[in-house]
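Any read-out appearing in this document is the output of simple, stated calculations on the displayed coordinates, not a laboratory observation. Keep in mind it's a predicted model, so treat the numbers as computed, not measured. Neighbour counts run over all protein chains shown; Cβ positions are idealised from the backbone, glycine included.
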Amino acid sequence: MREITPVLQDRWELREIHSKPHLVYYGIRNYPYHQKGTIVINRKIAEIIRGFDGKAKIHGDSSKEIREFIDQGVVVDIKDKREPPTEEDYRECSRCVNNNLIIPGLEFDEKGVCAVCQYYDRLGSGEIQSIAGGSTVTDEELMKAVENNRSRFDVLVLFTGGKDSSFLLWYLAKKLKLRVLACTWNMPFMNASTLENIRTIKQALPEVEFIERKSAWNELQPRLKRVFGIGGVPCICNVLAYALFYPIAVYENIPFLMDGIEFVQTHFMSITTPVPKIFELISKIYHPSDLDKTLFFLKKMALPTKQEPKNDFGKFIVTCRESLEPMYQPLQYILKNKGKFRRLPVLKRLKSDEAYGSWDDVKDIITKELGWKAPENQKGLLHTSCALETVKDYCQYQYFLQKKTTFIPQSIIEISAATYYGMIDRDTALMELQERGYYKRPEILDTLLDRLGLSEEEAVSMGGYLGCLFR
Ligand SMILES: [Zn+2]
Ligand SMILES: [Zn+2]
């Protein structure tokens, strides 16, 4: 091995996690290192790496571990350390629209294909597997399963008034002629167009029964403040709906509960999140049923555990549960008393690559059939229901950029997945990306802080990441 002046590559940091030294990568590594963004190392190696001062040289006689890190590009010669990208010289994937400005530390292969696309390629070829939560279902399976259903409803839909859940509602009620109970959590900060859409769709679908819940602001406000202050996430739309409406599905004895999340949107996290060996082993022996998977997901969300959460997403789930505990009680009761119920509903997703066409097809159908309208000030179709989505983008980006979390900004991944899987073309994707909250501080962030009664001082003192939004 040649003589080098070793340093950690840009976006790698030495961190103590659960009092063990780790190398942590704030980025997305090229294949096959998709699950190797956080590496536990021993104290001796940590000491050696801490000694990398950009001056001292090392030779081929260094330890095996260090040589391995050099081979992988984790440790590099100081001359090869990347500079953080600027608005003038950032890189964009030749396949999708991921770039290393919004995802600093995103790696590319020699053809300019980003690490995320590399995984999708291998997912397609079967080289790697997705453990995406929930189970997909085809039309035939769904129709067969509800053939002798004695409940008044075949499926409960979590309906937000957004493009995907509006389409799902139309698809199940109109196209498949299933009996649907549509449940909406009327959350604060819903877009005006969404509320209008919900009203219009109620008229357009007389065969569907609707339930709407609107939490009391006085009860919600201190809880949302805590979720934002500690968990760092401004919006809980897609978490609370399960807690509020799963119990309704149980009470009405409905076999299925569905949400409008497109299946491809769930790939990425499942590819990059390491599956515990024990979990892999168990699922090989027992082949968990769809109900097992549903209960696993709901328990993770609603029941306290002794173990500390392993990643930031886990921490967010815990913060939500602790902040909103009383609202989770009906679901907690069900999970703790499973035997008392005739039937527990199963979470399902449509096999979206078959049911959903392009985003434009979906928009055409819901516009024509349901009178659906996009928000007035938004050209894109991603996240149309909640006005806080841009704040979520902005927060996720800032925390990631400033290396507070390894959690990758979500919207760009969703947009790039839609590009990769052909649901939108590249120009549309770039337009969608511009409308996200990455490139400038969204004005509604101040409205949110104001309504939550959250001052800069208090935000900083709550111990989450919020402080870094004010700098
Ligand atoms: Zn890509
Ligand atoms: Zn929201």
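Results, tabulated for the structure shown:
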{"quantity": "Distance between modelled label sites at Lys338 and Met431, nm, 7 Å Cα→Cβ extension", "calculated": "4.8"}
{"quantity": "Lysines whose Cα lies under 17 Å from that of Lys336, excluding same-chain neighbours fewer than 8 positions away", "calculated": "Lys293, Lys299, Lys300, Lys306"}
{"quantity": "Hz values of 3J(HN,Hα) by residue in segment 187-204 - Karplus curve (6.51, -1.76, 1.60), Gly and Pro given as x", "calculated": "8, x, 6, 6, 5, 4, 5, 5, 4, 5, 4, 4, 4, 5, 5, 4, 6, 6"}
{"quantity": "Percent RCO, i.e. relative contact order, over the chain, from Cα pairs under 8 Å lying at least 6 residues apart", "calculated": "19"}
{"quantity": "Contour minus Cα-Cα distance for Phe313 and Glu16 (0.36 nm per residue)", "calculated": "105.1 nm"}
{"quantity": "Under 16 Å from the Cα of Lys404 - lysines, other chains or at least 8 residues apart", "calculated": "Lys310, Lys315, Lys392"}
{"quantity": "In sequence order, calculated HN-Hα J values of segment 169-185 (Karplus, 6.51, -1.76, 1.60; Hz; x Gly/Pro)", "calculated": "4, 4, 4, 6, 7, 8, 6, 8, 6, 7, 8, 10, 10, 9, 10, 10, 9"}
{"quantity": "Long-range HN-HN contacts of Ile128 with modeled amide H, under 5 Å", "calculated": "Leu123"}
{"quantity": "Label-point separation in nm, Lys177 to Asp364, each point 7 Å along Cα→Cβ", "calculated": "2.5"}
{"quantity": "Using a Förster distance of 51 Å, the FRET efficiency for Tyr251-Arg451 (Cβ separation, nearest 0.05)", "calculated": "0.95"}
{"quantity": "Cut-off under 5 Å, modelled amide H: who pairs with Val346 long-range", "calculated": "Phe256, Leu257"}
{"quantity": "Charged-residue dipole, Cβ positions (Lys, Arg, Asp, Glu), segment 38-94 about Cα centre, Debye nearest 20", "calculated": "440"}
{"quantity": "Mean separation of Cα contacts under 8 Å, 6 or more apart, over the residue count of segment 378-469: relative contact order %", "calculated": "38"}
{"quantity": "Neighbour-limited loop hits for GluC sites (Glu not before Pro), segment 349-405 (at most 11 other Cβ within 10 Å; DSSP other than H, G, I, E, B)", "calculated": "Glu376"}
{"quantity": "Karplus 3J(HN,Hα) series, Hz, for segment 453-461 with 6.51 cos²θ - 1.76 cosθ + 1.60 (x for Gly, Pro)", "calculated": "x, 10, 7, 4, 4, 5, 4, 5, 6"}
{"quantity": "Nonlocal amide H pairs with Cys386, under 5 Å, H built at 1.01 Å", "calculated": "Asn191"}
{"quantity": "Exposure proxy order (Cβ contacts within 10 Å, fewest to most) of Lys163, Lys64, Lys363", "calculated": "Lys64, Lys363, Lys163"}
{"quantity": "For peptides 235-244, 213-222, sequence by mean Cβ density within 10 Å, most packed first", "calculated": "235-244, 213-222"}
